[in-house]
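Novice: Before I ask anything, let me first share the structure, which is written out below as structure tokens.
Quick note: the coordinates plus some simple rules give every number you see, no bench work behind them. Here the structure is a predicted model, which means the values were calculated and not measured. Here the Cβ positions follow ideal geometry from the backbone for every residue, glycine too, while neighbour counts run over all protein chains shown.
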Amino acid sequence: MSEDLEWVRRSQDGDQEAFSELVRKYQKRVYYLAYGMTGNREDALDIAQEAFLKAFRSMKGFQGGGGFYTWIYRITYNQTIDFMRKEWRKKKLEYQDNQDLTEKESPIMAVPSASNPGQDMAQKELNRVIMDAVQSLPEQHRSVILLREIEGLSYDEIAEMLRIRKGTVMSRLHYARQELQKVLMPYIKEGEIREKK
Amino acid sequence: MKKNRCSKILEWIGPYADGELSPSRSAMIGEHLKDCLSCRTALERLRQTQELIRQGFAFSTVEEKSDLEALHSRVKHGIRLQEAESKEPWWSGDLGSLLFRWARILVPSAVAAALVAGIFFKVYNPPLSVIKTAGKNECIIDSIEGANSTVLLFKTHDSDMTVIWLSVDIEPYKDASNSWIPYSA
């Protein structure tokens, strides 16, 4: 975290290399957040890029309280919401109309396993179900589930980032998990649960 | 009684799985789970759901690497562009183009207004003797009309400042032989 502060300070003095270090450190998490919210790799790249550029432009005004990662997540989140409000419906329609095309360009990739193409297909199908389930959640619940499950943020960090109360984080997370569990129930292995007595 | 207890436990099962509970509450739930199959089942379902969500977002290593490399170079490129734009002269940037856009409207408007005013005074030639008796804080406007020129006097009530505007009629005159004589001051 102290290296963040140093990079932030140098970035504020216009050091592009220092900012580049911040990008390198947080780009994966920023990208995954944007991808999780939009479900599209290219859109996620655009959003993540714009989030970092916006951060660079606003660097001088950044006070440092709460940490750079909370700040860049918030910028990314707001950027994503703006993007989705403008584009999401259109993208969704295109997605539904061009399922074959989307299949070829699917951002949801299983870990390659050349020895078992059948298993790859099944994994790919499962990934699609999961992605669709996440995408079908209301925006507020989707963001909380992504920040928790994919980004691994604590409840306090999520509350700070989204500027909501910790209790609200808990209730949104509870609701989102219940909704996802309903969809994913066919993939949950009940036998394994019973054996774990 | 057990059902009530289970419903309370299930409310905390998510924070329990996430390690967000106080040690005492966490220990209490742990104790309950030892003896309660249905709550244990709920916890295991939750953990499998979490695992499935993470799987759903798993990229192949190759794609993740290529996307992140692309992102990094796009950000660097974008920063270089931003920096270059900020070093350009102000008139080539947003402010310059804004002023240019306004100038395209304002300059013709000002010219048109001047023409309309000129035509109005030329055609109607309004009398420029005392137009108005000024009250406090207003201008006193007076005029003296000569053969070739008009002098206007502006005098504010609170100060002694006087502005004189000489309006010259440049139309040439004819002499006794009916020849045009150019105006000379």
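Novice: Past 18 Å, Cα to Cα, is the threshold; run A:Lys86/B:Lys76; A:Lys60/A:Lys86; A:Lys28/B:Lys76; B:Lys8/B:Lys34; A:Lys25/B:Lys76; A:Lys86/A:Lys124 against it and keep the listed order.
Specialist: From the list (A:Lys86/B:Lys76; A:Lys60/A:Lys86; A:Lys28/B:Lys76; B:Lys8/B:Lys34; A:Lys25/B:Lys76; A:Lys86/A:Lys124), the Cα-Cα distance tops 18 Å for A:Lys86/B:Lys76; A:Lys60/A:Lys86; A:Lys86/A:Lys124.
Novice: Counting other C-beta atoms within 10 Å, and keeping those with at most 15, which DSSP coil GluC sites (Glu not before Pro) do you find in region B:31-78?
Specialist: Loop-located and lightly packed - none at all.
Novice: Taking the beta-carbon count within 10 Å as an exposure proxy, list B:Val111, A:Val129 from fewest neighbours to most.
Specialist: Listed from fewest to most nearby Cβ atoms, that is B:Val111, A:Val129.
Novice: Among A:Thr38, B:Thr41, which comes first, second and so on when ranked by fewest other beta-carbon atoms within 10 Å?
Specialist: Going from sparsest to densest Cβ surroundings: B:Thr41, A:Thr38.
Novice: Given a Förster distance of 22 angstrom, what is the FRET efficiency for A:Glu42 paired with B:Gln82, based on the Cβ-Cβ distance and rounded to 0.05?
Specialist: FRET efficiency, A:Glu42 to B:Gln82: 0.50.
Novice: At a Förster distance of 35 Å, what's the computed FRET efficiency of B:Ser73 paired with A:Met185, Cβ-Cβ distance as r, to 0.05? Could the numbers behind the result be given before it?
Specialist: Numbers: r = 42 Å, r/R0 = 1.21.
FRET efficiency, B:Ser73 to A:Met185: 0.25.
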